[in-house]
Amino acid sequence: MRTSILLAGVAALTLAAGAQAAPKPVAHPQAEAQALELAKQAIALRSVAGPGNQTPEVAALFRNALVAGGFAAEDVTVAPVDDTAYLIARWPGSDPKLKPLVISGHMDVVEAKAADWTRDPFTPVVENGYLYGRGATDMKLDGAIAVASLIELKRQGYKPRRTIIIEFSGDEETTMKTSAIIAEKLKDAELVLNVDGGGGSLDEKTGAPLYFTWQGAEKTYADFKLTVTNPGGHSSAPRADNAVYRLSAALLRIQAKPFTPELSPLTKAYFEAAAKYEQPETGAAMRAFAADPTDQKAIATLRADPATVGKIGTTCVVTMINGGHALNALPQRAEANINCRIFPGHKPADIMAELQAAAADPAVAFTDVTEGSVPNDASPMRADFEAAVKKALGKVYPGVPVFPSMASGASDNMWFRYHDVPAYGASPTFLKGSDDFSHGLNERTPIANIQPAITYYLSVVGDLSK
């Protein structure tokens with residue numbers, strides 16, 4: 001959801017049309033140096049699920065930094081869970097009656113094979129203004145900047161009225177078991193600021209900052225298993241009723257009946273604001289869809305583009321099939337998995353019922369086999385949050401448009417929204433779309449993001465914890 005570029009320096013950026021000249025950036029040398037060093041140390045720790053998982057070591061790294069930076073040792077907890085761990089650190093506010101502000105992130109990363117990379121993924125390298133390594137984008141640099149920013153706030157003598165909590169889950173990339181535990185513990189929070197979502201986009205040609213989006217909703221992940229069983233028999237005596245044929249026919253009927261496109265206040269605001277940054281045909285379709293979500297021409301254009309099809313409603317697609325038990329036998333069982341990304345406001349059971357209706361065959365059994373996901377609705381478009389983000393962005397990228405977005409994937413925000421806690425993705429990292437390598441080879445992020453990001457966090461956290 002974020003994009004990336006080598007920034008020559010914030011002051012040297014040519015802002016997008018209509019933006020004002022960037023001010024001279026405010027330096028926080030101790031925090032900037034600490035953020036980069038913490039990120040490098042975290043990248044060097046192979047926090048991948050499975051044997052040798054070093055996520056607990058990342059938690060210890062962040063804990064030690066927070067305690068050394070002024071957090072009381074008893075207020076920083078690292079809890080082991082299976083082969084991973086999570087961290088929760090509290091900065092008590094002066095008014096215990098106020099619900100806490102939560103800053104959220106994760107410490108684990110997806111697997112990376114050294115043989116496939118140009119550089120070892122777990123050996124951090126700063127080269128040509130980029131920080132290279134697994135987690136440079138998702139999301140060890142972001143986490144390190146958030147930690148260093150809170151320590152900088154303490155260094156400046158800031159006294160929050162509202163308790164500030166920073167937490168990091170340990171398995172966001174896999175089962176989200178720690179994510180669920182943390183959200184349960186912090187379900188009394190006032191608001192969650194997730195530093196693993198949202199972010200800024202830069203122009204592909206000029207590198208100018210185009211716009212910033214904060215993530216106020218995400219689609220619910222769901223897996224449904226379709227099963228057809230049959231008595232089977234010898235392949236030399238085929239029958240009309242074949243489990244594979246029957247399942248295949250049902251899948252084709254499902255494919256022919258996509259879900260009705262939808263629009264929410266959040267996605268409407270996104271389409272209206274983002275349309276001018278797209279290619280003319282796509283931008284026109286976005287504006288038309290925002291005006292009328294039944295516009296068939298707009299729907300066809302947006303459905304044809306992988307970048308927009310997930311933004312206009314629920315999507316379901318076959319991801320796996322399995323059938324038969326022998327080359328010379330009629331299949332006794334055929335199974336398929338349909339993966340759905342459900343538009344906020346819908347329950348998985350209702351979506352499964354729509355799939356059953358589209359399949360139109362009682363012989364096809366449906367089972368919800370989803371793991372590690374819960375339904376969640378969009379967070380409210382809160383004026384205090386939006387004002388804090390716009391104010392902070394204005395300090396480093398004045399005049400750059402700020403508007404909401406919806407993520408097609410899942411994040412730790414899902415678990416907070418499940419508990420009706422408003423949660424927002426609002427990372428201040430500005431990246432370029434063609435340079436996005438998160439979860440991929442040779443992941444990298446420009447270190448010039450560090451300075452403006454710290455200014456951003458000092459402003460946002462200060463405003464939301466007053």
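The values are calculated or read from the model by the stated rules, or taken from the named source; none is laboratory data. This one's a predicted model, so the numbers in the text were calculated from it and none came from an experiment. FYI the Cβ positions are ideal-geometry reconstructions off the backbone, even for glycines, and counts take in every protein chain you see. All accessible areas refer to the heavy atoms of the entire protein, side chains included, with ligands and DNA or RNA removed. Shrake-Rupley method; radii C 1.70, N 1.55, O 1.52, S 1.80 Å.
For PRO258, state whether it is closer than 30 Å to ASP292 by Cα and either among the aliphatic types (A, V, I, L, M) or open to solvent by 20 Å² or more (accessible area, probe 1.4 Å) (or both). So PRO258 fits the description; yes. Filtering THR55, THR3 for residues that are hydroxyl-bearing (Ser, Thr, Tyr), on the phi < 0 side of the Ramachandran plot and at pLDDT below 95 leaves a single hit, THR3. Is it the case that THR267 is modelled with pLDDT of 95 or more, of a type in the set (Ser, Thr, Tyr) and in a helix (DSSP H, G or I)? Yes: the conditions hold for THR267. Could you check the range 197-206 and list, in sequence order, the residues that are open to solvent by 20 Å² or more (accessible area, probe 1.4 Å) and either of a type in the set (A, V, I, L, M, F, W, C) or in contact (Cβ under 8 Å) with a residue 24 or more places away in the chain (or both)? Matches in the range 197-206: ASP203, GLU204, THR206. When restricted to residues that are among the small types (Gly, Ala, Ser) and either open to solvent by 10 Å² or more (accessible area, probe 1.4 Å) or modelled with pLDDT under 95 (or both), the range 207-231 contains 2. Screening the candidates VAL317, VAL244 for the property of being of a type outside the set (Ser, Thr, Tyr) and either crowded, with 17+ Cβ neighbours inside 10 Å or in contact (Cβ under 8 Å) with a residue 40 or more places away in the chain (or both) yields one hit, VAL244. Restricting attention to the range 241-281, the residues being in contact with an Asp or Glu (Cβ under 8 Å, 6 or more places away or on another chain) and closer than 22 Å to GLU218 by Cβ number 1. Restricted to strands (runs of 3 or more DSSP E) entirely inside the range 120-216, those with at least 2 residues that are touching a Lys or Arg at 6+ places or on another chain (Cβ under 6 Å) are 130-132, 199-202.
Residues checked against (1) touching a residue at least 12 places away in the same chain (Cβ under 8 Å); (2) buried (at least 23 other Cβ atoms within 10 Å of the Cβ); (3) under 26 Å from HIS439 (Cβ atoms):
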{"position": "ASN64", "(1), (2), (3)": "no, no, no"}
{"position": "GLY69", "(1), (2), (3)": "yes, no, no"}
{"position": "ALA73", "(1), (2), (3)": "no, no, no"}
{"position": "PRO80", "(1), (2), (3)": "yes, no, yes"}
{"position": "LEU87", "(1), (2), (3)": "yes, yes, yes"}
{"position": "TRP91", "(1), (2), (3)": "yes, yes, no"}
{"position": "LEU101", "(1), (2), (3)": "yes, yes, no"}
{"position": "HIS106", "(1), (2), (3)": "yes, yes, yes"}
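For PRO306, the criteria (1) surrounded by 15 or more Cβ atoms within 10 Å (Cβ to Cβ); (2) under 21 Å from LYS219 (Cβ atoms); (3) out of contact with any helix residue (DSSP H, G or I) (no Cβ under 7 Å at 6 or more places or on another chain); (4) not polar (S, T, N, Q) hold in every case but one, which is (1).
When the range 445-465 is filtered for residues that are part of a strand (DSSP E or B) and touching a helix residue (DSSP H, G or I) at 6+ places or on another chain (Cβ under 8 Å), only THR445 remains. For the range 182-193, the criterion of being touching a strand residue (DSSP E or B) at 6+ places or on another chain (Cβ under 7 Å), at positive phi, open to solvent by 20 Å² or more (accessible area, probe 1.4 Å) and in contact (Cβ under 8 Å) with a residue 40 or more places away in the chain is met by none of the residues. The listed residues are ASP138, ASP116, ASP171, and the only one of them that is open to solvent by 30 Å² or more (accessible area, probe 1.4 Å) and touching a residue at least 40 places away in the same chain (Cβ under 8 Å) turns out to be ASP116.
The requirement of being in contact with a strand residue (DSSP E or B) (Cβ under 7 Å, 6 or more places away or on another chain) and farther than 24 Å from ASP420 by Cα is satisfied by CYS316. Restricting attention to the range 106-119, the residues being part of a loop (DSSP other than H, G, I, E, B) and of a type outside the set (Val, Ile, Thr) number 7.
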